[in-house]
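J.: This structure is in structure tokens; I'll ask about it shortly.
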Amino acid sequence: MASAFTFQIYSSTKNLPSNWNDLAIKNIFLSKEYLSILEKSAPDNMSCFFIGLFEKELLVGVSVAQHINLSDVNSLGDRDHCFKTAIKNFLFKRFISNILVIGNNMFTGQNCFCFSEKIALEDGVSILQDATSALTKQLRQNNKKVHLTVYKDFLTTNTPLFKTKTFKPYYHFNTQPNMVFDIAPNWHSMEDYIGDLNKKYRDQYKRARKKAAGIDKRKMSLDEIQKQYFRINELYLNVAKNAPFNTFYLPENHFEVFKKKLNDNFLFYGYFIDEQLIGFNTLIKNGSDIDTYFLGYDENHQRDKMLYLNMLYDMIAYSINKKYKRIIFARTALEIKSSVGAKPVEMIGLIKHKNYFVNLLMEKSFAYFEPKTEWKERNPFKEAV
């Protein structure tokens, strides 16, 4: 029996249905405004596609997909130069360097799709898989390889959606958790948050703030971002190139385009000493959430000034003062985020290799390439808040 639903794949936001944002209103990362940012300032090794699901002529679902070519990216980072890492890089580029991501590889969390009430989740995911197959074929016709197909970042409660015959070839995996900071209802100011910390972490807060003496933190305008673009990129790369795993590097105009397109929904904070930019962080307003985005810093000042920890406290202070409900701190630096009160939320993903026999080894292969992170969860509060 033919499905009542169809799909359409778009390569330009100019062609999206006029009512696209009616569905994307729940998630800024599926909005036309954000997707146009991907068009104009996506990493050089990333191509973006947008998927509309329809019931006859009615738009009932929206999604995003990204084709990523890792051939020109040192995905395993610049920190380790051992023989084992060189072998990993060779195998990575030879067998799994071309990836089709259903979702958004630039964010942590379920930013893959939004469906209307007109379509059941199970039907939406099924049609999305049909669209994925069609997009894979389209890419190959355009001489773009697809080694791996990945559905990324779903809550564990979404697991039943993928327990179907269609998704049987996919390996279900868990990566590092999404660190989420819930803002307690009784916090109306930063003082309320500090008051709920136990002595050890109140002392950590005081020590960090004392170390930050002499730093001028300020919100930067579009004009200031444009003037500082070279230094901003330098600080960003200082952090990005030392990450244990990379799938892309941002183009130099990325933050400028972000500010132009999202305006007040994108916040860029610079940290200065004697008018020299030594660090920055970025935040995105997403409904009742604040999503943290990329940051950068000078390594010397990071150590002397406890800069990263102070940035986390600044993000918390802003979010409390503006009455947001959550901060999405995403992955990386799990323990330090835990030390300020963020909690790990387990996420699942699905992955499949194009080669049947390689796919049989996916579980072992995934464990080989996935960076291992050992960390200890902290509880900085006197009691559950």
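Every read-out reported here was derived from the displayed coordinates using simple, explicitly stated rules and does not represent laboratory data. All of these numbers come straight from a predicted model, not from anything done at the bench. No Cβ is skipped: glycine too gets one built from the backbone with ideal geometry, and neighbour counts run over all protein chains shown.
J.: In deg cm²/dmol and to the nearest 500, what is the mean residue ellipticity at 222 nm of the chain if only DSSP H runs of at least 4 residues count, each as -39500 (n - 2.57), divided by the residue total?
T.: -10500 deg cm²/dmol
J.: Within 11 Å, Cβ to Cβ, of Lys354, how many net charges do the neighbouring residues add up to if Lys/Arg are +1 and Asp/Glu are -1? Don't jump to the answer; show the numbers that get you there.
T.: On the way: positive: Arg140, Lys145, Lys352; negative: none.
Taking every other residue near Lys354 into account, the sum is +3.
J.: Using modelled amide H (1.01 Å from N, peptide plane; none on Pro or chain starts), what sits under 5 Å from the amide H of Ile278, excluding residues fewer than 5 places away?
T.: Tyr271, Phe272, Ile273
J.: How many percent of DSSP beta bridges within the chain run antiparallel, rounded to 5? Don't skip to the end; give the middle numbers.
T.: Details: 61 of 68 bridges.
Beta bridges within the chain, antiparallel portion: roughly 90 percent.
J.: Any chance you could run the full-extension gain for Asn300 through Lys364? It's 0.36 nm times the residue separation minus the Cα-Cα distance, nm to one decimal.
T.: So the chain would gain 19.2 nm between Asn300 and Lys364.
J.: Among 110-122, 191-203, 154-166, how do they line up from the highest to the lowest mean number of other beta-carbon atoms within 10 Å?
T.: Sorting 110-122, 191-203, 154-166 by mean packing, highest first, produces 110-122, 191-203, 154-166.
J.: Once Lys and Arg get +1 and Asp and Glu get -1 on their Cβ, which of Asn111, Tyr34, Phe248 lies farthest toward the positive end of the dipole of the chain?
T.: Phe248
J.: Using the Karplus curve 6.51 cos²θ - 1.76 cosθ + 1.60 with θ = phi - 60°, work out ³J(HN,Hα) for each residue of region 208-214 in order, rounded to whole Hz, and write x for Gly and Pro.
T.: Result, rounded to whole Hz: 5, 5, 5, 5, 7, 4, x.
J.: Label 7 Å along Cα→Cβ of Asp264; region 317-337 residues with amide nitrogen under 18 Å?
T.: Under 18 Å, as judged by backbone N against the label point of Asp264, lie 318-325 of region 317-337.
J.: Compute, for region 264-385, the length of the dipole vector about the Cα centre, with Cβ point charges of +1 (Lys, Arg) and -1 (Asp, Glu) only. Units Debye, rounded to 20.
T.: Charge dipole, region 264-385, about its Cα centre: 560 debye, nearest 20.
J.: At a temperature of 25 °C and a viscosity of 0.890 mPa s, determine how fast region 149-227 diffuses translationally according to Stokes-Einstein, using the Kirkwood radius over alpha-carbon pairs as Rh; express D in µm²/s, rounded to the nearest whole number.
T.: Approximately 135 µm²/s, per Stokes-Einstein.
J.: Let me ask another. What number comes out for the charge environment of Gln110, summing +1 per Lys or Arg and -1 per Asp or Glu over other residues with Cβ under 13 Å away?
T.: -2
J.: Could you give the angle, 0 to 90 degrees to the nearest 10, between helix 229-240's Cα long axis and the longest principal axis of the Cα atoms of the chain?
T.: With both axes taken from Cα atoms, the answer is about 80 degrees.
J.: With respect to the cross-link table entries Lys40/Lys322; Lys261/Lys325; Lys260/Lys343; Lys217/Lys376, which display a Cα-Cα separation exceeding 27 Å? Present the calculation step by step, with values, prior to reporting the outcome.
T.: On the way: Lys40/Lys322 30 Å; Lys261/Lys325 24 Å; Lys260/Lys343 33 Å; Lys217/Lys376 30 Å.
Check vs 27 Å cut-off fails for Lys40/Lys322; Lys260/Lys343; Lys217/Lys376.
J.: If you don't mind, another one. Which percent of Cα pairs goes in each bin when the distances of region 5-169 are cut into 10 angstrom slices starting at zero?
T.: Taking every Cα pair in region 5-169, the percentages come to 9, 37, 34, 15, 4, 0.
J.: Tabulate in residue order the Karplus-calculated ³J(HN,Hα) for region 23-32, using 6.51 cos²θ - 1.76 cosθ + 1.60 with θ = phi - 60°, rounded to whole Hz; enter x for Gly and Pro.
T.: These are the phi-based 3J(HN,Hα) values: 8, 7, 4, 7, 8, 4, 7, 10, 6, 4 Hz.
J.: Take every DSSP beta bridge with both residues inside region 5-169 and express the antiparallel ones as a percent of the total, to the nearest 5.
T.: On the way: 24 of 28 bridges.
Taking every DSSP beta bridge within region 5-169, about 85 percent pair in antiparallel fashion.
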